[in-house]
Amino acid sequence: MEDVKALFPEETAREILRILKQGDTVELKREKGNLVVVQIRRKVKIKTAAIG
């Protein structure tokens, strides 16, 4: 894959993979011309059984 042009710098790609391996969601945003990697972690606070 050395001949393929990378979409992201290597550091950004490593950060994205690290977040995905943890099971979290990654969101990419553009802020003031810069690419920002956002980690979205979901946490269950209240879990109840649905009766019906």
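The values are calculated or read from the model by the stated rules, or taken from the named source; none is laboratory data. Please read all numbers here as calculations on a predicted model, not as lab measurements. Counting neighbours? That spans all protein chains shown, and the Cβs are built from the backbone with ideal geometry, glycine included.
Worth a mention:
- Any hit, the range 24-45, residues being part of a loop (DSSP other than H, G, I, E, B), at pLDDT 90 or above, under 10 Å from the mean Cα position of the chain (by Cα) and surrounded by 10 or more Cβ atoms within 10 Å (Cβ to Cβ): yes
- Within the range 1-22, the set of residues being surrounded by 12 or more Cβ atoms within 10 Å (Cβ to Cβ) and either at pLDDT 90 or above or not in a loop (DSSP other than H, G, I, E, B) (or both) comprises Thr12, Ala13, Glu15, Ile16, Arg18, Ile19, Leu20.
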